[in-house]
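Visitor: Dropping the structure in here first, questions after.
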Amino acid sequence: MAFEFSRTQGREILSLMLRSRFLEEKVEALFASHAMHGTTHLAVGQEAVHAGVSPALDPDDWIVTTHRCHGHTLAKGASEEAMLAEFYGLSQGLAQGLGGSMHMIDLEHHNAGSSAVVGSGVPIATGMALQLKRKASPNLVVAFFGDGASSRGAVHEAMNMASVMNLPVLFLCEHNLYGMSTCARDMVSVESIASRGPGYGIESLMVDGNDVEIVYSAVQEAARYIREQKRPYLLEVRTYRFSGHSKNDKRTYRTRKEEQEWLSRDPIEALKKKLISRGHLIEEEYNLMEDSIRSRIDEIADRLGDQHEELDLAQAAAYVYSPEVAE
Amino acid sequence: MIKLSYREAIRQAMMEEMERDPDVVLIGEDVGCYGGCFQVTPGMIERFGPRQVIETPVSEECIVGVAVGAAMMGMKPIVEVMYGDFSTLAADPLINHAAKIRFMSAGQQSVPLVYRTPMGSGTGAAAQHTQSLEALFTNVPGLKIVYPASPTDAKGLMKSAIRDPDPVLFFEHKLYGAEELVPQEDYLIPIGKADIKRQGSDVTIITYGKTVFTALEAARVLENDEISAEVLDLRSLRPLDTEAILASVKKTGRVVVLHEAPRFGGFAGEIVSTIVEDLEAFSALKAPVVRVCGLDMPTPFNKNLEQQLPPSSKRIIESVLAMFRG
Ligand SMILES: Cc1ncc(C[n+]2csc(CCOP(=O)(O)OP(=O)(O)O)c2C)c(N)n1
């Protein structure tokens, strides 16, 4: 029997996916209107991964994210308010405006932050797992990385090390077919990154990353395995980013036809349909859900957009070293 | 002469050299149809095909190592790394290998490699995409390091770098759209030669890369205070044009050394040492040498904070005025 969400759970997960989608759409609009500066990497289309991973974990499990970190940060528990404040560079943001779009961090919810040097977060997650193991903690660490980052040596080195040291890491390859512009077909030596698991002596699995129930149950299974066997696990989820790589991507490297095919597999639409067919949701409720999430995000974004509380230089400089050894 | 942007000048140099010599090969991530992270390489794969424009996986350490190996076999690779910050990943093949292979083999092997990467802040890309890491490499014998500011210098230095038998690190600033008139004929700017970007007699501002523009801006303002500032653009950090530095210092007797990288342990220290170790230059000094550098902290994301990090023309002007107040 395929795993199915309960009524409440299904609606919660759908709501989380919509929050992620609308938050990112808002952020995209704010960047386009220059209300935000820098760059941003959206994961619109990958919401089944956001909502399928962290909610399937123990709240005390850790995650280490990437440059494309918004959805994961939200799914692990950060509020839109704290995230939007960070996007704006405000002092009430997740990193007081020092990190920005690529460096969302939320220790309260065991989100250890991200590396925007793609792949470099994977050994760091592995090191966190080493310390969890030393402390006999029942928890694990999820190391997110993309198909592009899978070519970094450090990722391979981390998998080998986690295997020989029996570390509680869930290597989570968020495979969206492309790095920046290059297709995994041309850059990755195997059809599936999960198929590399045996090469490290690591259990592995590839699943459909656009079906949130499949992702959720695969993560639950993987987490159970990691806790029981005290071994790492490699899970590859197949998805697609609807958006461009970053702010100014004209997407010349892929066809509109391919995009259309994936758009027809929108993970939010898919869950919505399932919930409706199970009688767990009706169209009107869904519309209300959309409206209330959109308007809440708009309200927060508008309110924060008018605020100007920012760190000053001395306050920022005070974070270079711990207070004890500051010069 | 033809008007070219900084990125176009670099592209044109690479394309002309690739035309001339089929062993000149561009290697990097997303350098094909995407045109590279900063749009330096559009049109190149269309023109030269995948034999001469090689798109790679995200594997910086490996890409640069591969380029070292290919260079040993006669290729003249130009490796593009998207952000200078990722040079930390390329450090092993560059520092432990490219820089030493000629020496360790007693001259039997050479590594004619060009390593291109952009440095610096101003893009809102936060702490891991905005650093100026040149000083990590200037301390390594065996590497040549250039850091052009203008399109003309970029084109001429790129050609010299490609034709050089040794590994050359070619650092770029991110004002890729900055334009000027560039000679159309085949020309070279020699590695190791500084250039006076503005003649002056009262103070010398020594710098390289993007801060050349900041120095020129400061020099224009200082004119109002009747201070004539000379702007010396080093263009190459290693080898360093000691002669040009000393000559200018002896002429003006006052020196500001300027760069965006943090001050502590930065390349400015090398320049200051060069000056004070020379008796004539030292004796010519009418005021202590001043360093105006980036602040000693990682780049904050917040725009207002980020803008305060690199040296501004205001900071340069204040330092210069303070010298005259004595
Ligand atoms: C080490 C490193 N090399 C290059 C980059 C530039 N870069 C940013 S995102 C990206 C593509 C990464 O692809 P993937 O890992 O599949 O993640 P996705 O962007 O698809 O989420 C690249 C090459 C980087 N940030 N870090």
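Visitor: Name the residue from A:Leu304, A:Tyr253, A:Met187 whose Cα lies farthest towards the positive end of the charge dipole of chain A, charges +1 on Cβ of Lys and Arg and -1 on Cβ of Asp and Glu.
Guide: Going by the charge dipole, the pick is A:Met187.
Visitor: Per the 1.4 Å probe, what fraction of the accessible area of the stretch B:2-182, in percent, lies on carbon and sulfur atoms?
Guide: Whole-percent figure for carbon plus sulfur exposure: 56.
Visitor: Peptide A:151-160: average number of partner chain Cβ atoms within 10 Å per residue? Numbers along the way, then the final one.
Guide: On the way: counts 8, 7, 6, 3, 2, 0, 0, 0, 0, 0.
Per residue, the average neighbour count from other chains is 3.
Visitor: Once neighbouring chains are kept in place and the probe is 1.4 Å, which whole percent of the accessible area of the stretch A:7-313 is contributed by carbon and sulfur? Walk me through the numbers before you get to the answer.
Guide: Values: 6170 of 11910 Å².
Here it works out to 52 percent.
Visitor: For a protection proxy built on the mean count of beta-carbon atoms within 10 angstrom, sort B:41-50, A:122-131 highest first, please.
Guide: On the way: B:41-50: 15.2, A:122-131: 21.9.
The most tightly packed comes first, giving A:122-131, B:41-50.
Visitor: Averaged over every viewing direction, what's the projected area of the C-alpha convex hull for the protein assembly as shown? Give it in nm², one decimal, please. Walk me through the intermediate numbers first.
Guide: Details: hull surface 127.1 nm².
Mean orientational projected area (the protein assembly as shown, Cα hull): 31.8 nm².
Visitor: Give the accessible area for A:Ser163 in Å² (nearest 10); use a 1.4 Å probe, count only protein heavy atoms, and leave out ligands, DNA and RNA.
Guide: 10
Visitor: For the stretch A:90-128, list residues with backbone N below 19 Å from a point placed 7 Å from the Cα of A:Ala314 toward its Cβ?
Guide: Correct set: A:91.
Visitor: May I ask for the distance between the Cα centers of the stretch B:310-326 and the stretch A:268-285, given as a whole number of Å?
Guide: Here the answer is 66 Å between Cα centres.
Visitor: Also, I was wondering about something else. Express the relative contact order of the stretch A:9-75 as a whole percentage, based on alpha carbon pairs under 8 Å and six or more residues apart in sequence. Before the final figure, lay out the partial values.
Guide: Numbers: 48 pairs, mean separation 25.5, N = 67.
Relative CO of the stretch A:9-75 lands at 38 percent.
Visitor: Please compute the per residue accessible area over the stretch A:16-113 with all protein chains in place, 1.4 Å probe, rounded to a whole number of Å².
Guide: Values: 2470 Å² over 98 residues.
That works out to 25 Å² for each residue.
Visitor: Hey, if you put +1 on the Cβ of every Lys and Arg and -1 on every Asp and Glu Cβ in the protein assembly as shown, which of A:Leu167, A:Val142, B:Val146 ends up farthest toward the positive end of that dipole?
Guide: Of A:Leu167, A:Val142, B:Val146, it is B:Val146.
Visitor: Relative contact order for chain A using alpha-carbon pairs under 8 Å, separation at least 6, rounded to a whole percent? Could you put the intermediate results ahead of the total?
Guide: Working: 607 pairs, mean separation 71.7, N = 327.
After rounding, I find 22 percent.
Visitor: Moving on to the next point. Applying a 10 Å radius around every beta-carbon, put B:146-157, A:208-219, B:93-104 in order of their mean neighbour count, most first.
Guide: Values: B:146-157: 26.2, A:208-219: 23.0, B:93-104: 19.0.
By packing density, highest mean first, the sequence is B:146-157, A:208-219, B:93-104.
Visitor: Please give the FRET efficiency for B:Arg47 paired with A:Asp186, using the beta carbon to beta carbon distance and R0 = 22 Å, rounded to the nearest 0.05. Each step should come with its number before you reach the end.
Guide: Details: r = 20 Å, r/R0 = 0.90.
The value I calculate is 0.65.
Visitor: Could you run the Debye sum over the Cα atoms of the stretch A:176-275, one equal point scatterer each and no solvent, and tell me log10 of I(q)/I(0) at q = 0.20 Å⁻¹, two decimals?
Guide: -1.10
Visitor: Further question: Buried by at least 40 Å² relative to the chain on its own: which residues of the stretch B:13-35 qualify, computing accessible area with a 1.4 Å probe on protein heavy atoms?
Guide: B:Asp30, B:Cys33, B:Tyr34
Visitor: Once you've got the GNM for chain B with C-alpha springs shorter than 10 Å, pick whichever of B:Arg315, B:Arg235, B:Arg20 has the biggest mean-square fluctuation.
Guide: B:Arg20
Visitor: So how strong a dipole does the stretch B:2-182 carry about its Cα centre when Lys and Arg Cβ are +1 and Asp and Glu Cβ are -1, to the nearest 20 debye?
Guide: Values: 15 positive and 22 negative charges, 70 e Å.
In total the dipole reaches around 340 debye.
Visitor: Starting from the Cα of A:Glu261, step 7 Å along the direction of its Cβ; do the same at A:Ala2; then give the gap between the two resulting points in nm.
Guide: Distance between the two pseudo-spin positions: 2.0 nm.
Visitor: Which stretch or stretches of the stretch B:1-18 have amide N atoms under 14 Å from the point lying 7 Å from B:Glu185's Cα along the Cα→Cβ direction?
Guide: Label zone hits: B:1-2.
Visitor: Let me ask something else about it. Put A:Asp60, A:Asp147 in order of accessible area, largest first, 1.4 Å probe: what do you get? Mind dumping the intermediate values first?
Guide: Details: A:Asp60 80, A:Asp147 5 Å².
The most accessible residue leads, giving A:Asp60, A:Asp147.
Visitor: With only Lys, Arg, Asp and Glu charged, each at its Cβ (+1 for the first two, -1 for the last two), find how big the charge dipole of the protein assembly as shown is about the Cα centre; round to the nearest 20 debye. Kindly include the intermediate steps, with their values, before the conclusion.
Guide: Numbers: 65 positive and 88 negative charges, 197 e Å.
Its charge dipole is roughly 940 debye.
Visitor: Something else about it: Mind checking the mean number of beta-carbon atoms from other chains within 10 Å of the Cβ atoms in B:276-285? Mind showing how you got there, number by number?
Guide: Details: counts 0, 0, 0, 0, 0, 0, 0, 0, 0, 0.
Counting other chains' Cβ atoms within 10 Å and averaging over B:276-285 gives 0.
Visitor: Quick one: which residues, 5 or more positions from B:Val79 or on another chain, have an amide H under 5 Å from its amide H? H modelled 1.01 Å from N in the peptide plane, none for Pro or chain starts.
Guide: Amide H neighbours of B:Val79, under 5 Å, 5+ apart: B:Ile27, B:Val114, B:Tyr115, B:Arg116.
Visitor: To the nearest whole number, what is the average tally of beta carbon atoms from other chains within 10 Å of the beta carbons of peptide A:241-250? All intermediate terms of the calculation are to be shown ahead of the outcome.
Guide: Values: counts 0, 0, 0, 0, 3, 2, 0, 1, 1, 3.
Neighbouring Cβ atoms belonging to other protein chains average 1 per residue here.
Visitor: While we're looking at this one, here's another question. Rolling a 1.4 angstrom probe over the protein heavy atoms, how many square angstrom per residue are accessible across the stretch B:195-325? Write out the running numbers ahead of the final one.
Guide: Numbers: 5560 Å² over 131 residues.
Here the per-residue accessible area is 42 Å².
Visitor: Report the Stokes-Einstein translational diffusion coefficient (µm² s⁻¹, integer) for the stretch B:2-182, Rh taken as the Kirkwood radius over Cα pairs, at 25 °C with viscosity 0.890 mPa s. Before the final figure, lay out the partial values.
Guide: Numbers: Rh = 16.1 Å.
Estimated diffusion coefficient is 153 µm²/s.
Visitor: From Cα pairs below 8 angstrom and at least 6 apart in sequence, can you work out the relative contact order of chain B, rounded to a whole percent?
Guide: On the way: 713 pairs, mean separation 52.4, N = 326.
Reported as a whole number, the value is 16 percent.
Visitor: Rounded to the nearest 20 Debye, what is the dipole magnitude of chain A about its Cα centre when Lys and Arg each give +1 and Asp and Glu each give -1 at the C-beta? Mind showing how you got there, number by number?
Guide: Values: 33 positive and 46 negative charges, 227 e Å.
I would put it at about 1100 debye.
Visitor: What residues does the stretch A:115-143 have that are buried by at least 50 Å² of accessible area in the full protein assembly compared to the chain on its own, 1.4 angstrom probe?
Guide: Those are A:Val117, which lose 50 Å² or more relative to the chain on its own.
Visitor: With the full set of protein chains in place, find how many percent of the accessible area of the stretch B:195-325 is carbon and sulfur; take the probe as 1.4 Å. Intermediate values should be presented prior to the final figure.
Guide: Details: 2800 of 5560 Å².
Answer for the stretch B:195-325 is 50 percent, counting heavy atoms of protein chains only.
Visitor: Follow-up. Tell me which of B:Met15, B:Ile271, B:Val289 sits at the most positive position along the dipole axis of chain B, charges placed on C-beta atoms (Lys, Arg +1; Asp, Glu -1).
Guide: Result: B:Val289, furthest along the dipole toward the positive end.
Visitor: In whole angstrom, how long is each semi-axis of the equivalent ellipsoid of the stretch B:211-276, when you take the square root of 5 times every eigenvalue of its Cα gyration tensor and sort them from largest down? The partial results should precede the final answer.
Guide: On the way: eigenvalues 83, 44, 23 Å².
With the √(5λ) rule applied to the stretch B:211-276, the semi-axes are 20, 15, 11 Å.
Visitor: Counting only protein heavy atoms and rolling a 1.4 Å probe, how much accessible area do B and A lose on contact, total for both sides, in Å² to 100? Write out the running numbers ahead of the final one.
Guide: On the way: alone 13830 and 14990 Å², together 26150 Å².
The summed interface area works out to 2700 Å².
Visitor: Pop out the Kirkwood hydrodynamic radius of chain B from its pairwise C-alpha distances, inverse of mean 1/r, in Å to one decimal. Could you put the intermediate results ahead of the total?
Guide: Details: mean 1/r = 0.0498 Å⁻¹.
In chain B this quantity evaluates to 20.1 Å.
Visitor: Here's something else I'd like to know. Of all the C-alpha pairs in the stretch B:131-211, what % are more than 21 Å from each other?
Guide: Working: 1099 of 3240 pairs.
Every Cα pair in the stretch B:131-211 considered, those over 21 Å come to 34 percent.
Visitor: For chain B, take the longest principal axis of its alpha carbons; what is the angle in degrees between that and the long axis of helix B:60-72, to the nearest 10 within 0 to 90?
Guide: Compared with the principal axis, the helix lies near 70 degrees.
Visitor: Still on this structure, please answer the following. Could you tell me the largest-minus-smallest coordinate of the C-alpha atoms of the stretch A:7-313 on each of the three principal axes, in descending order and whole angstroms?
Guide: 54, 52, 41
Visitor: Let me check something: with ligands and nucleic acids excluded, how do A:Tyr88, A:Tyr240, A:Tyr319 order by accessible area (1.4 Å probe), largest to smallest? Write out the running numbers ahead of the final one.
Guide: On the way: A:Tyr88 40, A:Tyr240 0, A:Tyr319 130 Å².
Order by accessible area, largest first: A:Tyr319, A:Tyr88, A:Tyr240.
Visitor: Shifting gears a bit: Would you mind checking which residues have amide H under 5 Å from B:Glu172's amide H? H placed 1.01 Å from N; only 5 or more apart, or other chain.
Guide: Hits under the 5 Å cutoff: B:Thr117, B:Met119.
Visitor: Peptides B:277-284, A:70-77, B:300-307: what's the order by average Cβ count within 10 Å, highest mean first?
Guide: Highest mean packing first, the order is A:70-77, B:300-307, B:277-284.
Visitor: Here's something else I'd like to know. How much mean residue ellipticity at 222 nm does chain B get from its helices, if each DSSP H run of length 4 or more adds -39500 (n - 2.57) and you divide by all residues, to the nearest 500 deg cm²/dmol? All intermediate terms of the calculation are to be shown ahead of the outcome.
Guide: Values: 13 runs with 122 residues, N = 326.
Result for chain B: -10500 deg cm²/dmol, rounded to the nearest 500.
Visitor: A further question on this structure: Provide the descending list of Cα extents for the stretch B:195-325 along its principal axes, expressed in whole angstroms.
Guide: The Cα atoms of the stretch B:195-325 stretch 45, 34, 24 Å along the principal axes, largest first.
Visitor: Determine the per residue accessible area of the stretch B:2-182 with all protein chains present and a 1.4 angstrom probe, expressed in square angstrom. Spell out each step's value before the answer.
Guide: On the way: 5960 Å² over 181 residues.
Heavy-atom accessible area per residue stands at 33 Å².
Visitor: While we're on this one: Net charge around A:Lys230, counting only other residues with Cβ within less than 13 Å of its Cβ (Lys, Arg = +1; Asp, Glu = -1)?
Guide: Values: positive: A:Lys133, A:Arg134, A:Arg224, A:Arg227, A:Arg231; negative: A:Glu203, A:Glu228.
For residues surrounding A:Lys230, the net value is +3.
The values are calculated or read from the model by the stated rules, or taken from the named source; none is laboratory data. Just so we're clear, the structure is a prediction, and the values are computed from it rather than from any experiment. Positions of Cβ are backbone-derived with ideal geometry, glycine not excepted, and every protein chain shown enters the neighbour counts. Each accessible area value is taken on the protein alone, full model and side chains, heavy atoms only, with ligands, DNA and RNA left out. Shrake-Rupley method; radii C 1.70, N 1.55, O 1.52, S 1.80 Å.
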